[in-house]
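One structure is given below, encoded as structure tokens.
Laboratory data are not the source of any read-out in this text; all were calculated from the coordinates shown. Worth saying up front: this structure is predicted, and the values here are computed from it rather than measured. So basically every Cβ, Gly included, is an ideal-geometry build from the backbone, and we count neighbours across all protein chains shown.
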């Protein structure tokens with residue numbers, strides 16, 4: 001943003017604390033504020049003061065006075081928001097709130113001796129709050145994309161956003177911050193935070209995994225709160241002195257397995273002098289697995305032991321999922337948080353194998369996903385059929401002998417899912433093809449085999465997509481079997 005804009009945009013998080021209505025004492029002096037916080041369902045909070053020129057200002061003539069003002073629609077335009085998708089909540093410093101849906105072009109905010117104020121000539125006079133503390137933008141659609149979601153392995157249950165939580169009946173929790181002692185005097189410090197007890201949404205002590213937007217992965221039993229802090233939601237457990245910032249979601253009753261077990265299980269087999277082949281089917285959700293079993297699009301894998309469910313990591317995309325499979329750690333530790341990262345910050349299984357004088361190989365499609373310390377064999381689409389799975393399969397057969405750890409990465413299911421939809425006939429035909437490759441590879445392999453995926457996929461109006469904290473994207477199949485011809 002241009003330096004001439006005198007707008008404070010930083011990581012300062014506005015703690016919006018509200019209290020019940022009370023009678024104001026006649027001798028109380030009202031304090032007026034020139035700063036106005038824009039918060040709620042926004043990626044970046046704004047703090048507007050009387051000098052900002054980021055949002056177009058205009059003169060407002062009212063009661064024979066002229067004020068500096070801006071139109072509410074210009075604020076939505078600043079964020080590039082569609083006005084039909086948002087409600088607006090005005091909150092004054094005395095705790096009064098007014099919510100508005102539509103008609104933003106008729107609303108002006110102006111700065112006077114009483115701070116920031118609201119005026120709308122075509123609205124009830126009660127709209128005209130004075131001494132505003134914040135403007136909360138509230139997304140009024142639920143698409144599960146920019147929210148904190150509570151899911152199970154089978155259902156997307158609850159979608160919460162900071163904006164929506166501003167409208168909920170929250171509690172004030174006094175969190176103990178610490179004790180300070182000087183000489184013989186001791187002081188305890190507490191922070192008053194606005195929270196939603198999670199036992200209102202999830203039974204207490206329910207096994208869960210809490211994930212954060214930076215890729216954190218935290219198994220626990222639920223016994224805490226969701227804290228509203230500006231434009232993000234945090235998980236707080238005062239009894240454990242635990243705060244997890246910017247929660248993206250919670251999985252109730254999660255599967256025992258995660259895709260990170262691909263690393264740990266392989267390591268265990270290798271330490272037992274077993275050879276390991278990991279068959280990595282990109283974009284293979286547990287929902288697709290069940291559908292393929294029911295519709296006979298996966299005859300070989302259907303005959304193996306029933307696939308376990310495994311939890312993916314956030315963000316559920318190829319780079320972060322693959323890194324979790326190869327390091328056994330979530331994105332906030334291994335450093336691969338999205339598609340923009342390619343260099344793991346920690347040791348991968350390939351590094352471990354080298355240090356233990358074990359051989360490894362990765363059979364890839366036409367491009368490397370991560371920069372890894374192994375022999376990566378790339379396979380372009382030589383026959384121009386639109387996929388590399390046949391080339392990957394042929395390369396795997398040619399290179400598997402004598403390798404201690406062998407990973408084979410099939411991309412076609414993910415590609416077809418994006419194009420046609422995760423359960424489309426074309427995608428199921430691709431899975432049937434990959435199933436035949438898996439059968440042949442397993443029959444030729446002398447050792448243990450792990451079959452799994454990096455992430456799932458969900459249906460859209462135009463095909464398929466992944467990258468959200470929803471069960472379709474976050475739950476994948478996980479199969480362990482022995483190589484050789486299956487009886």
(request) Run the quick spin-label model on residue 459 and residue 73: label points 7 Å from Cα toward the beta carbon, then report their separation in nm to one decimal. (result) 3.8 nm
(message) Given the DSSP H assignment, sum -39500 (n - 2.57) over each helix run of at least 4 residues in the chain and divide by its residue total; what's the result at 222 nm in deg cm²/dmol, nearest 500?
(response) -5500 deg cm²/dmol
(request) Give the calculated FRET efficiency between residue 268 and residue 171 to the nearest 0.05, with a Förster radius of 56 Å applied to their Cβ-Cβ distance. (result) 0.80
(request) Quick one: order 256, 248 by neighbouring beta-carbon count within 10 Å, fewest to most. (result) 256, 248
(message) Taking 41 Å as R0, compute the FRET efficiency from the Cβ-Cβ separation of residue 143 and residue 185 and round it to 0.05.
(response) 0.15
(message) Can you give me the angle between helix 261-271 and the longest principal axis of the chain, using Cα atoms only, in degrees from 0 to 90, rounded to the nearest 10?
(response) 40 degrees
(request) Arrange 144, 116 by Cβ neighbour counts within 10 Å, fewest through most, would you? (result) 144, 116
(request) Treat each spin label as a single point 7 Å out from the Cα along the C-beta direction, and report the residue 308 to residue 200 distance in nm. (result) 3.6 nm
(request) Provide the gained length on full extension for the span residue 426 to residue 65, in nm with one decimal, where the gain is 0.36 nm per separating residue minus the Cα-Cα distance. (result) 123.2 nm
(message) Between helix 389-399 and the chain, what is the angle of the helix's C-alpha long axis to the longest principal axis, kept within 0 to 90° and rounded to the nearest 10?
(response) 50 degrees
(message) Sort 157, 275 by Cβ crowding within 10 Å, fewest neighbours at the top.
(response) 157, 275
(message) So if I take the centroid of the Cα atoms in the range 178-228 and the same for the range 411-487, what is the distance between those two points in Å?
(response) 38 Å
(request) Would you mind checking the tilt of helix 425-444 against the longest principal axis of the Cα atoms of the chain, expressed as 0 to 90 degrees and rounded to 10? (result) 50 degrees
(message) If packing is taken as the average count of other Cβ atoms within 10 Å, what order do 184-194, 263-273 fall into, highest mean first?
(response) 263-273, 184-194
(message) Tell me whether the range 340-417 comes out rounded, prolate or oblate; compute the Cα gyration tensor, take square roots of the eigenvalues as a ≥ b ≥ c, and use a/c under 1.5 as the rounded threshold.
(response) oblate
(request) For a quick protection proxy, order the peptides 319-329, 298-308 by their average other-Cβ count within 10 Å, most packed first. (result) 319-329, 298-308
(request) Give the distance, in whole Å, between the Cα centre of the range 108-129 and the Cα centre of the range 35-87. (result) 12 Å
(message) If packing is taken as the average count of other Cβ atoms within 10 Å, what order do 366-374, 426-434 fall into, highest mean first?
(response) 426-434, 366-374
(message) Please give the Cα centre distance for the range 249-290 versus the range 353-369, rounded to the nearest Å.
(response) 18 Å
(message) Once you order the gyration tensor axes a ≥ b ≥ c over the Cα atoms, which shape class does the range 36-139 get: rounded for a/c under 1.5, otherwise prolate or oblate by comparing a/b with b/c?
(response) rounded
(message) I'd like the projected area of the chain, averaged over all directions, using the convex hull of its alpha carbons. Report it in nm² with one decimal.
(response) 30.9 nm²
(message) Taking a ≥ b ≥ c as the square roots of the Cα gyration tensor eigenvalues, with a/c under 1.5 meaning rounded and otherwise prolate when a/b beats b/c, else oblate, which class fits the range 257-482?
(response) rounded
(message) Just to be sure I understand the model, the point goes 7 Å from the Cα along the line to the Cβ. What's the resulting residue 357 to residue 99 distance in nm?
(response) 6.9 nm
(message) Let's test the formula: R0 of 25 Å, r as the Cβ-Cβ distance of residue 121 and residue 35. What FRET efficiency results, to the nearest 0.05?
(response) 0.45
